[in-house]
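Since the structure comes first, as structure tokens, the remarks are kept for the end.
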Amino acid sequence: PSPPAAVVGAGLGGSAVAYFLQQHFGPQVQLDVFEAAGVGGRLATVTVNKQQYESRGASIHALSLHMQDFVKILGLKHRREVAGKSAIFSGEHFVLEETDWYLLNLFRLWWHYGISFLRLQMWVEEVMEKFMRIYKYQAHGYAFSSLEELLRSLGGDAFVNMTQRSVAESLLEVGVTQRFVDDVIAAVLRSSYGQSVLVPAFAGAMSLVGAQGSTWAVEGGNKLVCLGLLKLTKANVIPARVTGVSLHSSEGRALYQVHYEGSEGQGSAFYDMVVVTTPLHPSRSNFTFENFEPPIADFPGAFQPSVTSVVHGYLNSSYFGFPDPKLFPFASILTTDTPDLFFNAMDNICPVNISAAFRRKQPQEAAVWRVLSQQPLDKQQLKTLFRSYYSVQVTEWQTYPRYDAAKSLPPIVLHENLFYLSGVEWVASSMEMIAVAAKNVALLAYNRWHQDLEKIDQKDLMHKVKTEL
């Protein structure tokens, strides 16, 4: 018989792990998914003028195979791409501008930064090529009981070390210049993680992959993936916040009591298996573990506050050196790590439903801009970026781990059949990383439940997978 399982959180991690658990344990598995805030987690939308816009988690890379699969299985569509140019702003001038002409962009990068650009691409490609092995391993049912084991099986100790040293250090080592790191790499990391080039090399590589071209998004909003997966698995979604888990045992097997509070008050239920997909850091949750021996330790590390402001208004293009707004050519602006710059990035965003007739607003028209910053923008800062505006919608998140804060990666296995999914964000934080971790946790839970130890933490998997084919 398959075990009754509880999943804590219905963001992408929770909905993906529910789907994968059902894939492996079979359709009769009982799944309860606890979610206090609403399905989708950080994949949220805001409404401006009756249109919905992504407030976060906006783009998915072409190589995200699990996300591609979800979209196919759920019959969702890729959102139509609306082209737009980007540039990197230093607070005083643009250090790099994109043009319509791809070759000219390459030439400019080459002219400015010489071979650094090529060295960066080779470095990112090498990391990705090794990372892509995970899909083969997972297709063959292999799982890993720790993030270190998973990384080691993909890229040896070098991958584990990439979580311990900065992206700047790794790139300088392969011959990328300091200037390229300060101008280009810093801008990409500020826009994706809101942090500096001191983020670990692995997290850095994953966000640089996304900066290199082909990304996509889901027509109707990325959160449709979460809603769709939960519907497909027929999971029982319980609108309540989980406050803790206590351990009991029955017939020599661990039994977990999940305590929760919802609008109806407090309740609890027993499960053979629990997957926690919400962050367990003291700053983020007051989650208690009872009766565990040895006790489950506290999780180190802090989170980076980040603020998304969705502004409907007229861009103040003269701040960027374009007195005539008609001539302002950019749809997205990244920024370098300059002390007086109060925002990390801003882009002229399109709604989640794009009709065939849709066109991007001209720079002199009122448009919807998404501004990413570390602190909420004050009136003066809004006035700097916009000549005038109709509305501002602010979402404050503790989105990403503060990467400089952690020295070791969180565990995946907290107890026999109690698993922690969100720790993967300390390796790198993207939708695909979370989907990969969800698949790993489901396989790990399945292999442990059936005592199939041959499928856990195997060495030399590349060789094994080749011989299995």
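Odds and ends about this structure:
- Which of Thr163, Ile73, Leu103, positive extreme of dipole for the stretch 30-180 (C-beta unit charges): Ile73
- A quarter of the convex hull surface defined by the alpha-carbon atoms of the stretch 323-425 gives 11.0 nm² as the mean projection.
- For the chain, relative contact order (Cα pairs under 8 Å, six or more residues apart, normalised by length) works out to 26 percent.
- Helix 431-449 axis, angle to the chain major axis (alpha carbon atoms, nearest 10°): 10
- Sulfur and carbon atoms: percent of accessible area, the stretch 258-364 [1.4 Å]: 51
- Sparsely packed loop sites in the stretch 85-176 (the GluC sites (Glu not before Pro) outside DSSP H, G, I, E and B with at most 16 other Cβ atoms within 10 Å) comprise Glu92.
- Taken over the alpha carbons of the stretch 1-153 as equal point scatterers, the Debye sum produces base-10 log I(q)/I(0) values at 0.10, 0.17 Å⁻¹ of -0.62, -1.28.
- Counting only alpha carbon atoms, the long axis of helix 102-113 and the longest principal axis of the chain meet at about 90°.
- Spread over its residues, the convex hull of the C-alpha atoms of the chain is 158 Å³ per residue.
- P(r) weight above 21 Å for the stretch 277-384, C-alpha pairs, percent: 53
- The chymotrypsin sites (Phe, Trp or Tyr not before Pro) of the stretch 1-107 that meet both conditions, a loop assignment by DSSP and at most 10 other Cβ atoms within 10 Å of the site Cβ, are Trp101.
- Applying a DSSP loop filter and a limit of 14 other Cβ atoms within 10 Å to the trypsin sites (Lys or Arg not before Pro) in the stretch 1-100 leaves Lys50, Lys77, Arg80.
- Think of the stretch 258-329 as having a plus end and a minus end, set by charges on the Cβ of Lys, Arg, Asp and Glu; of Gln266, Tyr314, Pro325, Pro325 sits farthest toward the positive end of this dipole.
- For the stretch 375-469, the fraction of C-alpha pairs more than 17 angstrom apart is 69%.
- The calculated FRET efficiency for His112 paired with Ser196, based on their beta-carbon distance and R0 = 25 Å, is about 0.75.
- Dipole magnitude for the stretch 111-185: about 180 debye, using +1 per Lys or Arg Cβ and -1 per Asp or Glu Cβ, origin at the Cα centre.
- Probe 1.4 Å, protein heavy atoms only - accessible area per residue of the stretch 139-249 in square angstrom: 35
- Accessible surface of the stretch 399-469 [probe 1.4 Å, protein heavy atoms]: carbon and sulfur percent: 53
- Crossing angle, helix 116-131 versus the chain [Cα axis fit, 0-90 degrees, rounded to tens]: 20
- All other residues whose Cβ lies under 12 angstrom from that of Cys226 are scored, Lys and Arg at +1 and Asp and Glu at -1, for a net of +2.
- Size descriptors for the stretch 353-411, from the alpha-carbon set: Rg then Dmax equal 17.5, 51 Å.
- Computed label-point distance, nm, for sites Phe292 and Ala62 using a 7 Å Cα→Cβ extension: 4.2
The values are calculated or read from the model by the stated rules, or taken from the named source; none is laboratory data. Everything numeric here is computed off the predicted structure, so don't read it as measured data. Every residue, glycine among them, receives a Cβ derived from its backbone with ideal geometry; neighbour counts consider all protein chains shown. Side chains are part of the model used for accessible areas, which takes the heavy atoms of the whole protein and leaves out ligands, DNA and RNA. Shrake-Rupley method; radii C 1.70, N 1.55, O 1.52, S 1.80 Å.
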